[in-house]
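Participant: Once you've had a glance at the structure underneath, I'll fire off some questions.
Readers should treat all values here as calculations from the given coordinates under stated rules, not as data from a laboratory. Just so you know, these numbers come straight off a predicted model, no measurement behind them. Glycine also receives a Cβ, built like all others from the backbone with ideal geometry; neighbour counts cover every protein chain displayed.
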Amino acid sequence: MTTINVIDSHLHLFDLEQGEYYWLKPDKPPFWPDKHLIQKNFTEQELRLNKEFTLAGFVHIEAGFNNQQPWREISWLESHCQQPFRSIAGIDLTLENEAFAGVISKIKSYSSVVGVRDILDDNAVEYLSCQRVKNNLKHVADQQLIFEVQMPLTHEVSVNLLLDILKNTPNLQIIINHAGFPPTCYVSEHAQTKQHAQLNPQKIAWQHWQTSIEKLSLSEQCTIKCSGFEMINRQYQSSWQLAIINTCVEYFGINRVMLASNFPLCLLSQSYQEYWQSLIDNQSFTQDELNSLCYLNAKRIYQF
């Protein structure tokens with residue numbers, strides 16, 4: 001049996017004694033009924049896979065350790081983690097440009113840092129319309145850092161604003177998180193008629209998402225990660241997951257798509273081992289293609 005190398009390109013580790021993690025507190029949103037399952041410490045020792053897999057490294061995405069001083073999370077990671085890893089630091093895109101540059105300077109002093117993230121979500125239009133944010137994203141690009149984009153791709157206005165920023169900032173490299181949150185219902189190859197799609201708003205949303213994927217894929221500045229399926233539906237179907245991955249590969253190509261776990265949130269649906277096993281079992285990719293999706297692309301894009 002061939003061993004599959006994995007660089008998990010999207011995960012989070014928690015230390016509730018040292019970090020703040022306001023989003024994990026019971027009285028703070030999101031108000032998930034199962035949030036208690038992840039309200040505990042998670043270390044790299046819990047990233048356990050069987051002998052069919054070799055975890056060759058991971059990319060740690062900011063998790064709200066300290067939103068005012070995001071370098072503290074990086075310091076904690078670099079003092080505790082033993083495996084090869086890269087880190088994406090938290091950042092506030094709305095900071096005054098001078099203050100923003102000061103935070104970037106502190107973040108860049110840590111060797112693991114390759115990029116930053118500010119979760120856009122419902123603020124995407126407001127943020128991406130703001131000149132101060134655009135200036136800050138240009139600074140991110142000038143500092144040769146990646147910007148991780150987390151927002152739904154079903155919203156045409158925010159996607160077009162993002163495309164304008166990419167056009168006007170040609171050295172900005174972005175990575176779409178969680179495949180841009182595709183809707184849970186998709187239009188199959190046998191039912192892609194306008195009439196059929198009109199029967200279900202979710203199918204219309206799927207078509208909007210697919211159009212956004214196509215537009216963004218035309219920019220070589222953009223890559224995409226397939227993960228976070230449990231954030232949309234805890235009991236997601238493998239056919240839906242496969243449709244998302246196949247759509248991303250169809251448009252972005254095999255070399256600009258990464259598979260990732262979103263650990264520990266993936267545990268809200270299944271174990272870490274089960275997650276990776278299901279990804280492999282439900283795919284029809286060749287061994288070389290899986291190697292790109294699970295390992296080589298992350299190694300190149302995140303500069304391991």
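Participant: If I stretch the segment between residue 300 and residue 105 completely, what's the gain in nm (0.36 nm per residue apart, minus their alpha carbon distance), one decimal?
Facilitator: Residue separation times 0.36 nm, minus the Cα-Cα distance, leaves 67.8 nm.
Participant: Below 8 Å, C-alpha to C-alpha, sequence gap of six or more: please give me the relative contact order for the chain in percent.
Facilitator: Values: 508 pairs, mean separation 58.4, N = 304.
Relative contact order, the chain: 19 percent.
Participant: Let me ask something additional. At what distance in nm do the modelled label points of residue 273 and residue 49 sit from each other, each positioned 7 Å from its Cα along Cα→Cβ?
Facilitator: Here the answer is 1.4 nm between the modelled labels.
Participant: Net charge near residue 30, counting Lys/Arg +1 and Asp/Glu -1 over other residues with Cβ under 14 Å of its Cβ? Please list the in-between numbers first.
Facilitator: Details: positive: 25, 28, 35, 234; negative: 27, 34, 121, 122, 230.
Taking every other residue near residue 30 into account, the sum is -1.
Participant: Something else now. Against the 2.2 N^0.38 Å scaling, with N counting residues, where does segment 16-65 land? I'd like the Cα-based Rg ratio to two decimal places.
Facilitator: Scaled against compact globular proteins, the figure is 1.42.
Participant: In whole Hz, what ³J(HN,Hα) sequence does segment 13-30 give by Karplus (6.51, -1.76, 1.60; θ = phi - 60°), x for Gly and Pro?
Facilitator: Once θ is set to phi - 60°, the couplings for segment 13-30 become 10, 10, 10, 5, 7, 9, x, 8, 6, 4, 5, 8, 6, x, 8, 10, x, x Hz.
Participant: Enumerate the calculated ³J(HN,Hα) couplings along segment 103-118 in order (Karplus 6.51 cos²θ - 1.76 cosθ + 1.60, θ = phi - 60°), each rounded to whole Hz, writing x wherever the residue is Gly or Pro.
Facilitator: Working through the residues one at a time gives 5, 4, 4, 5, 4, 5, 6, 9, 5, 7, 6, 10, x, 9, 9, 10 Hz.
Participant: Please report the net charge: other residues with Cβ closer than 15 Å to the Cβ of residue 46, K and R +1, D and E -1.
Facilitator: Cβ neighbours under 15 Å give a net charge of -2.
Participant: Apply 1/(1 + (r/R0)^6) to the Cβ-Cβ distance of residue 239 and residue 31, taking R0 = 30 Å, and write down the FRET efficiency to the nearest 0.05.
Facilitator: Plugging the Cβ-Cβ distance into 1/(1 + (r/R0)^6) gives 0.55.
Participant: Another one. Given the convex hull over the Cα atoms of segment 229-279, what projected area results after averaging over all orientations, in nm²?
Facilitator: That works out to 3.5 nm², a quarter of the Cα hull's surface.
Participant: Can you give the calculated 222 nm mean residue ellipticity of the chain, where each DSSP H run of n ≥ 4 adds -39,500 (n - 2.57) and the sum is split over every residue, rounded to the nearest 500 deg cm²/dmol?
Facilitator: -10500 deg cm²/dmol
Participant: So between residue 18 and residue 200, what do we pick up on full extension, going 0.36 nm a residue minus the alpha carbon distance?
Facilitator: My answer for the length gained is 60.9 nm.
Participant: Could I ask something else about it? Using every alpha carbon pair in the chain, what percent of pairs falls into each 10 Å bin from 0 up to the bin containing the largest distance?
Facilitator: 6, 28, 37, 24, 5, 0
Participant: How charged is the neighbourhood of residue 294? Take every other residue with its Cβ under 12 Å from the Cβ of residue 294, and add Lys/Arg as +1 and Asp/Glu as -1.
Facilitator: Numbers: positive: 225, 299; negative: 8, 52, 288, 289.
The answer is -2.
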